[in-house]
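Participant: Can you read through this structure? Questions will come right after.
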């Protein structure tokens, strides 16, 4: 009654037609004899165990944000974003080239960046944000501006579409000097920061719902067994990306370039992104992972 039904000692005394002091003595007796055992669960210990398990499985550094039971999905994302912002800052120094993708996770993270004065640093946008409905400049620019302001860094935006209509257009654009300047900066990155898009999440990522892909594009992703993307470059659950037609039209950095970046920060919140995250990990795109506890458990359960 006391431990499982959450009744007070007074209520139990009335139920058993005895005194409150008798109930208190019975409860003390139950603890002393081991009939009742009380264990304090430390969420930080649980997080440390999950971090170690992820590190062993994927050979990365994981930062697990402890679960808080009364938080909804948006509030959990906010906590993960805050933790990610604080984790990133020590890695940013002078003369750093920091690549940043756009998305709801990075939008949240950008609000919590700690101020750190550097010199000669640059924040470069990883992929274009324009689509048939909008140029996406306001959305992506605000994220880049916050990162630049936090680190006293210059900002290089990437004013191209998220996806070209034709792969040939991309090949020609990539030869333009103004575009090459941004691509050359991306090639010099020492830090890249991104979330993962998920094609099958309960709440699909912005790239799948924001007029970036038409019906034929989405059908092709299903046909090619795509589970997600990093900076609008798609991959399968085993981490492979070869033969995915949309990647030929995407303006995001290819996986070979990302894998060459020294510090690759991936920020993920939401259990529905577990399969997409596993694909990114198997592709070798991540060195530092900031993740909420529930999603960390879902990730490890996929390998169980």
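The values are calculated or read from the model by the stated rules, or taken from the named source; none is laboratory data. Nothing here was measured: the structure is a model prediction, and the numbers come from that model. Ideal geometry is used to build each Cβ from the backbone, glycine not excepted, and the neighbour counts take in all protein chains shown.
Participant: Condition check: assigned to a strand (DSSP E or B), touching a strand residue (DSSP E or B) at 6+ places or on another chain (Cβ under 8 Å) and in contact (Cβ under 8 Å) with a residue 24 or more places away in the chain. Does residue 200 satisfy that? Even if it seems obvious, please write down each step before you answer.
Facilitator: Numbers: assigned to a strand (DSSP E or B): no; touching a strand residue (DSSP E or B) at 6+ places or on another chain (Cβ under 8 Å): yes; in contact (Cβ under 8 Å) with a residue 24 or more places away in the chain: yes.
So residue 200 fails the test.
Participant: When residue 23 is evaluated against the numbered criteria (1) crowded, with 18+ Cβ neighbours inside 10 Å; (2) within 16 Å of the chain's Cα centre (by Cα), which criterion, by number, is the only one it fails?
Facilitator: Going through the list (1) crowded, with 18+ Cβ neighbours inside 10 Å; (2) within 16 Å of the chain's Cα centre (by Cα), residue 23 breaks only (2).
Participant: Could you identify the single residue in 187, 149 that is touching a residue at least 60 places away in the same chain (Cβ under 8 Å), out of contact with any strand residue (DSSP E or B) (no Cβ under 6 Å at 6 or more places or on another chain) and within 23 Å of residue 98 (Cβ to Cβ)?
Facilitator: On the way: 149 fails: touching a residue at least 60 places away in the same chain (Cβ under 8 Å).
Sole residue among the options that is touching a residue at least 60 places away in the same chain (Cβ under 8 Å), out of contact with any strand residue (DSSP E or B) (no Cβ under 6 Å at 6 or more places or on another chain) and within 23 Å of residue 98 (Cβ to Cβ): 187.
Participant: Filter region 56-80 down to the residues that are in contact (Cβ under 8 Å) with a residue 40 or more places away in the chain and loosely packed, with under 15 Cβ neighbours inside 10 Å and list them by number. Give the derivation first.
Facilitator: First pass over region 56-80, keeping only residues in contact (Cβ under 8 Å) with a residue 40 or more places away in the chain: 57-58, 60-67, 73, 76-77, 79-80.
57, the sole residue that qualifies.
Participant: So which residues in region 84-101 are in contact (Cβ under 8 Å) with a residue 12 or more places away in the chain and assigned to a helix (DSSP H, G or I), if there are any at all? Talk me through it step by step, then tell me what you get.
Facilitator: Here is the first cut: in region 84-101, the ones in contact (Cβ under 8 Å) with a residue 12 or more places away in the chain are 84-89, 91-101.
Passing the criteria: 84, 85, 86, 87, 88, 89, 91.
Participant: In region 159-196, what count of residues is obtained for those that are assigned to a loop (DSSP other than H, G, I, E, B) and under 21 Å from residue 262 (Cβ atoms)?
Facilitator: At the first step, the residues of region 159-196 found to be assigned to a loop (DSSP other than H, G, I, E, B) are 159-160, 162, 164-166, 174-176, 188-190, 195-196.
Then drop every residue that is not under 21 Å from residue 262 (Cβ atoms), which leaves 188-190, 195-196.
Of the residues in region 159-196, 5 are assigned to a loop (DSSP other than H, G, I, E, B) and under 21 Å from residue 262 (Cβ atoms).
Participant: Take residue 165 and decide whether it is surrounded by fewer than 16 Cβ atoms within 10 Å (Cβ to Cβ), at pLDDT 95 or above and over 22 Å from the mean Cα position of the chain (by Cα).
Facilitator: Numbers: surrounded by fewer than 16 Cβ atoms within 10 Å (Cβ to Cβ): yes; at pLDDT 95 or above: no; over 22 Å from the mean Cα position of the chain (by Cα): yes.
In short, no.
Participant: Suppose we filter 53, 108 for residues that are surrounded by fewer than 19 Cβ atoms within 10 Å (Cβ to Cβ), touching a helix residue (DSSP H, G or I) at 6+ places or on another chain (Cβ under 8 Å), assigned by TED's automatic domain parsing to the domain that holds residue 274 and touching a residue at least 24 places away in the same chain (Cβ under 8 Å); which single one remains? Outline the logic, then answer.
Facilitator: Details: 108 fails: surrounded by fewer than 19 Cβ atoms within 10 Å (Cβ to Cβ).
Sole residue among the options that is surrounded by fewer than 19 Cβ atoms within 10 Å (Cβ to Cβ), touching a helix residue (DSSP H, G or I) at 6+ places or on another chain (Cβ under 8 Å), assigned by TED's automatic domain parsing to the domain that holds residue 274 and touching a residue at least 24 places away in the same chain (Cβ under 8 Å): 53.
Participant: Give me the residue from region 1-20 that is surrounded by 10 or more Cβ atoms within 10 Å (Cβ to Cβ) and either under 30 Å from residue 293 (Cβ atoms) or touching a strand residue (DSSP E or B) at 6+ places or on another chain (Cβ under 9 Å) (or both) and, out of that set, modelled with the lowest pLDDT. Steps first, answer last, please.
Facilitator: Going residue by residue through region 1-20, those that are surrounded by 10 or more Cβ atoms within 10 Å (Cβ to Cβ) are 1-3, 7-16, 18-20.
Right, trim to either under 30 Å from residue 293 (Cβ atoms) or touching a strand residue (DSSP E or B) at 6+ places or on another chain (Cβ under 9 Å) (or both) and you get 2-3.
Working: 2: 92, 3: 85.
For region 1-20, the residue satisfying everything is 3.
Participant: For region 196-213, state whether one or more residues are on the phi > 0 side of the Ramachandran plot, in the same structural domain as residue 270 (by TED's automatic domain parsing) and crowded, with 20+ Cβ neighbours inside 10 Å.
Facilitator: From region 196-213, those on the phi > 0 side of the Ramachandran plot are 211; that's our starting set.
Going one step further and asking which of them are in the same structural domain as residue 270 (by TED's automatic domain parsing), we end up with 211.
Then keep just the ones that are crowded, with 20+ Cβ neighbours inside 10 Å; that gives none.
Checked against the condition, which is being on the phi > 0 side of the Ramachandran plot, in the same structural domain as residue 270 (by TED's automatic domain parsing) and crowded, with 20+ Cβ neighbours inside 10 Å, region 196-213 yields no hits at all.
Participant: Check whether at least one residue in region 25-35 is within 21 Å of residue 195 (Cβ to Cβ) and either in a helix (DSSP H, G or I) or in the same structural domain as residue 211 (by TED's automatic domain parsing) (or both), and report yes or no. Lay out the reasoning, then the answer.
Facilitator: Keep residues of region 25-35 that are within 21 Å of residue 195 (Cβ to Cβ), which gives none.
Scanning region 25-35, I find no residue that is within 21 Å of residue 195 (Cβ to Cβ) and either in a helix (DSSP H, G or I) or in the same structural domain as residue 211 (by TED's automatic domain parsing) (or both), so the answer is no.
Participant: Which residue out of 240, 276 is crowded, with 18+ Cβ neighbours inside 10 Å and at pLDDT 95 or above? Give the derivation first.
Facilitator: Working: 240 fails: crowded, with 18+ Cβ neighbours inside 10 Å.
Just one listed residue meets the conditions, 276.
Participant: Pick out the one residue from 227, 222 that is surrounded by fewer than 20 Cβ atoms within 10 Å (Cβ to Cβ) and within 25 Å of residue 269 (Cα to Cα).
Facilitator: Working: 227 fails: surrounded by fewer than 20 Cβ atoms within 10 Å (Cβ to Cβ).
Criteria check complete, one pass: 222.
Residues are listed down the side, and each one gets a yes or a no for (1) assigned to a loop (DSSP other than H, G, I, E, B); (2) outside the structural domain of residue 297 (by TED's automatic domain parsing); (3) over 20 Å from the mean Cα position of the chain (by Cα); (4) closer than 22 Å to residue 125 by Cβ:
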| position | (1), (2), (3), (4) |
| --- | --- |
| 229 | no, no, no, yes |
| 240 | yes, no, no, no |
| 247 | no, no, yes, yes |
| 257 | no, no, no, yes |
| 272 | no, no, no, no |
